Amino acid sequence: MANDKKRIYAWEFPVRFTHWINVACILALSFTGFYIGNPFIYAVSAKEYIMGWIRFIHFVAAYAFLLSMIIRIYWAFVGNKYACYRELLPFSSQKLAELVNALKFYAFISKKPPYKIGHHALAAFTYLIVYLLIIFEIVSGFAMYSVNHSGAIWVILGGWLTGAMSMPMIRLYHHLVMYVILAFALMHVYLAWYSDSREKNGLLMSIFSGYKFSTGNEPDI
Amino acid sequence: MKFSSDDALYEAAESMEALGNNGLSRRDFMKFCSAMAALLALPASFVPKIAEALSGKKPYLVWLAFQDCAGDTEAFLRATNPTAANIVLDVLAVEYHETIMAAAGKQAEKSLMDVVKNHKGEYFVVVEGSIPMKDDGIYCCIGGKSSVDIAREVCGNALATIAVGTCAAYGGIPAALPNPTGAVSVKEAVPNATVINLPGCPVNAENITACIVHYLTFGALPNVDKFGRPYFAYGKRIHDNCERRAHFDAGQFVRQWGDEGHRQGWCLYEMGCKGPESFHNCPTIKYNEGTSWPVQAGHGCIGCSEPNFWDTMSPFYKRLPNVPGFGIESTADKIGAGLAAATAAGILVHGIGRAVSSKKEEEK
Ligand code: HEM
Ligand code: HEM
Ligand code: SF4
């Protein structure tokens, strides 16, 4: 089997680029967001500007994050089939079966890895949820941002949410969803490594290079 | 001038000299007019216009109190500077106000109805307190009439209604969960009335005065935001005008009541200050003639001028609300730490499971 390995270009540049921009943004936003929620460094003089800079970084990273998401959403419509938005939707009996099998594989019930060049259904579904959480962070973030920045753009990006949720609730969920995203990231890296080591498909390197190895078992080459 | 001298609505003009006879000097009067212009964000050139409008006829005003604590009345009457209160009382013909009127019982109710009948569409109503709607509004009755019926009749026929205090503006504390009396705001109880909201707990008397002065000067109520509050008073966020803001930006926070930071006047953000989500002009005009306001006195803002503040801004001494569905002891950070620990544990267990199962495979 090892000899049939074929290099397949799975993740095009925009997918990899936005992935790493997102990772960098999430790390920066989580660190600065945690500080905003829980200012653990105390200034000794009123001349300092710690909270000021932290919030500045949070907002700059927020813009980068927004743009990165726009690129990824655009690519979901024009990119290759592995980047297509349809890849993320689990709503077909075949995908649901794949999703259940993947769950069994990770729970050591099944020995059959969820071979796939693109995301297998379980991974894809998780990414769908993560993208929705990210969009929630962007909307709720801009909702908070909109209260002291007037302009239609802030209302479109998030200000509309203040009509549906109170400000403290928006803050609370903006804060809580951070932990959900971080928990995902931990699990995601572990499972990427696990899948790579079990399937020998080059998954870990693929998000850097774009290439995966086919083991010959993938239905979606 | 909007109010011509033959207008039956307004009593004979009181000149500035007459005001002077009531213990106000012309200087006090002009000072008051300048302060009002500043509060309404008008250029100084409007001061004479305001003075002229205030020296005109007296519009009628009735003050209704429903489910309230009379805090707004207190704020209004106890303005320490005599000019504001005197001027308002001189400029307006206050025909009905349960707390301060001499008349009582049927006689008092009659004076209210006289205004409604004889000056339909020509008087101001100030409403303080929320209006209970449950069980036909029986939870607040005055002279045998429910407050909702009174409000419909009095506000429905008024020139304009000024809902003062958060209870009248948004239902306030009586409307907080579980809202046993079905309390609502004036606008909800009388949707067809012209209502301007001046929330706050209590309302700032200067803002009531400014609203009336605006009406007398321009013949219209000031512009309002999506919650029906005038921009001149509720257009800026507390946090953006707060005198402790430099400490926020620097990173100097009070961590405990009475700690060094508290003594130094640092930012109250970590003590649950809701200034970042509240809109009011407290930091600039303050209360009791510019004496102080909560944050200056060392207490965080509780967001009292926001709709539903009792439910949404609490707990008042914590930055974030409690997480719904979890006990009140859990904070967002505790839940986050729990989630992180659970994920790490899951990975650990999975890793062990993997080691075990691959051993088994080798044995096969
Ligand atoms: C992964 C993405 C993000 C994470 C993990 C994150 C995290 C956080 C956290 C933990 C807080 C503190 C909340 C609190 O306890 O009060 C916060 C505040 C905030 N975030 Fe984010 N955030 C993210 C994205 C964004 C985005 C895209 C925006 C858009 C502008 C944004 C704008 C804000 C604002 C305005 C605040 C409040 C700042 C203040 O009150 O001074 N965030 N963020
Ligand atoms: C905050 C951290 C991270 C987030 C939110 C995240 C999110 C995602 C998402 C949404 C995808 C799907 C890509 C797409 O189709 O657009 C993905 C794929 C991938 N990521 Fe991450 N990622 C994070 C960190 C990492 C790290 C640190 C690594 C590597 C060590 C990594 C490795 C991969 C790999 C290998 C894939 C392709 C996996 C597959 O098809 O299942 N990720 N990631
Ligand atoms: S005390 Fe409150 S309103 Fe003032 S700067 Fe701090 S958080 Fe903002």
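A few points about this structure:
- Around the amide H of A:ASP220, modelled in the peptide plane, lie the amide H atoms of A:ILE117, all under 5 Å away and 5 or more residues distant in sequence or on another chain.
- The value of relative contact order for region B:57-234, using C-alpha pairs under 8 Å at least six residues apart, is 22 percent.
- The C-alpha atoms of chain A define a longest principal axis, and helix A:167-199 lies at about 30 degrees to it.
- In chain A, the longest principal axis of the Cα atoms and the axis of helix A:121-146 are about 10 degrees apart.
- Taking 24 Å as the limit for the C-alpha separation, the pairs B:LYS226/B:LYS318; B:LYS57/B:LYS120; B:LYS236/B:LYS274; B:LYS120/B:LYS226; B:LYS110/B:LYS145; A:LYS47/B:LYS318 exceed it in the case of B:LYS226/B:LYS318; B:LYS120/B:LYS226; A:LYS47/B:LYS318.
- Buried on complex formation within region B:300-319 (loss of at least 20 square angstrom of accessible surface versus the isolated chain, 1.4 Å probe, ligands and nucleic acids ignored): B:THR312, B:ARG319.
- In the context of the full set of protein chains, residues of region A:2-214 present 50 Å² of accessible surface per residue (probe radius 1.4 Å, heavy atoms only).
- In order along region B:201-212, the Karplus-derived 3J(HN,Hα) couplings, from 6.51 cos²θ - 1.76 cosθ + 1.60 at θ = phi - 60°, round to 10, x, 4, 8, 3, 4, 6, 5, 4, 4, 4, 5 Hz, and Gly and Pro are given as x.
- The antiparallel fraction among DSSP beta bridges confined to region B:57-234 stands at about 25%.
- Ordering A:PHE208, B:GLY300, A:ALA61 by Cα displacement along the dipole of the protein assembly as shown toward the positive end leaves A:PHE208 in first place; charges were set at the Cβ atoms of Lys, Arg (+1) and Asp, Glu (-1).
- Estimated translational D of chain B in µm²/s (Stokes, Kirkwood radius over Cα pairs; 37 °C; 0.692 mPa s): 142 µm²/s
- Each Lys and Arg adds +1 at its Cβ and each Asp and Glu adds -1 at its Cβ; summed about the Cα centre, chain A shows a dipole of about 420 debye.
- Partnerless Cys - chain B, beta-carbon criterion under 4.7 Å: B:CYS33, B:CYS69, B:CYS140, B:CYS141, B:CYS155, B:CYS167, B:CYS211, B:CYS242, B:CYS267, B:CYS273, B:CYS282, B:CYS301
- Solvent exposure of chain B amounts to 44 Å² per residue of accessible area, where only protein heavy atoms count and the probe is 1.4 Å.
- Hydrodynamic radius of the protein assembly as shown by the Kirkwood approach over all distinct alpha-carbon pairs: 28.2 Å.
- Count of Lys pairs (Cα-Cα under 20 Å; at least 8 positions apart or interchain) in region A:69-221: 16
- Size of charge dipole - chain B - debye, nearest 20, with Cβ of Lys, Arg +1 and Asp, Glu -1, no other charges: 780 debye
- For region B:145-220, the fraction of 1.4 Å probe accessible surface lying on carbon and sulfur atoms is 58 percent.
- Taking amide H atoms as placed 1.01 Å from N in the peptide plane, the amide H of B:VAL195 lies under 5 Å from those of B:THR161, each 5 or more residues away in sequence or on another chain.
- As an equivalent ellipsoid, region B:276-343 spans semi-axes of 33, 12, 9 angstrom, where each value is the square root of five times an eigenvalue of the C-alpha gyration tensor, largest first.
- For region B:238-312, Kirkwood radius (reciprocal of mean inverse C-alpha pair distance, Å): 12.5 Å
- Full extension of the segment from A:ILE129 to A:LYS47, taken as 0.36 nm per residue of separation minus the current Cα-Cα distance, would add 25.3 nm.
- The contact residues of region B:256-292, meaning those that lose at least 50 Å² of 1.4 Å-probe accessible area when all protein chains sit together rather than their chain alone, are B:TYR269, B:GLU277.
- Nearest-ten-degree value, helix B:105-118 long axis tilted from longest Cα axis of chain B: 80 degrees
- Ranking B:ARG255, B:ARG263 from most to least accessible surface, computed with a 1.4 Å probe over the protein chains only, gives B:ARG263, B:ARG255.
- Long-range HN-HN contacts of B:VAL127 with modeled amide H, under 5 Å: B:LEU64, B:ILE162, B:ALA163, B:VAL164
- Top positive-direction residue, dipole computed over the protein assembly as shown with Cβ charges, set B:MET101, B:PRO59, A:GLY158: A:GLY158
- Computed over chain B: relative contact order in percent, which uses C-alpha pairs under 8 Å that are six or more apart: 13 percent
- For region B:218-234, putting each phi into the Karplus relation 6.51 cos²θ - 1.76 cosθ + 1.60 with θ = phi - 60° gives couplings of 10, x, 8, 6, x, 5, 10, 8, 5, 9, x, 9, x, 4, 4, 9, 10 Hz, in residue order, rounded to whole numbers and with x for Gly and Pro.
- Applied to region B:153-170, the Karplus parametrisation 6.51 cos²θ - 1.76 cosθ + 1.60 on θ = phi - 60° returns per-residue 3J(HN,Hα) values of 6, 6, 6, x, 9, 8, 5, 7, 10, 9, 8, 9, x, 5, 5, 6, 6, 9 Hz, with x for Gly and Pro.
- Here is the interface size for A with B: some 3600 Å² of accessible area buried, both sides summed, with a 1.4 Å probe.
- Gyration tensor (Cα) of region A:138-213, equivalent ellipsoid semi-axes in angstrom: 39, 15, 7
- Averaged over the residues of A:162-172, the number of partner chain Cβ atoms lying within 10 Å of the residue Cβ comes to 5.
- Taking chain A and dividing mean pair separation by its residue count, relative contact order in percent (alpha carbons under 8 Å, at least six apart): 29 percent
- Cα-based equivalent ellipsoid, region A:89-221: semi-axes from gyration tensor eigenvalues, Å: 37, 15, 14
The values are calculated or read from the model by the stated rules, or taken from the named source; none is laboratory data. Since this is a predicted model, take the numbers as computed values, not measurements. Neighbour counts run over all protein chains shown; Cβ positions are idealised from the backbone, glycine included. With ligands, DNA and RNA removed, areas are computed over all heavy atoms of the protein, side chains included. Shrake-Rupley method; radii C 1.70, N 1.55, O 1.52, S 1.80 Å.
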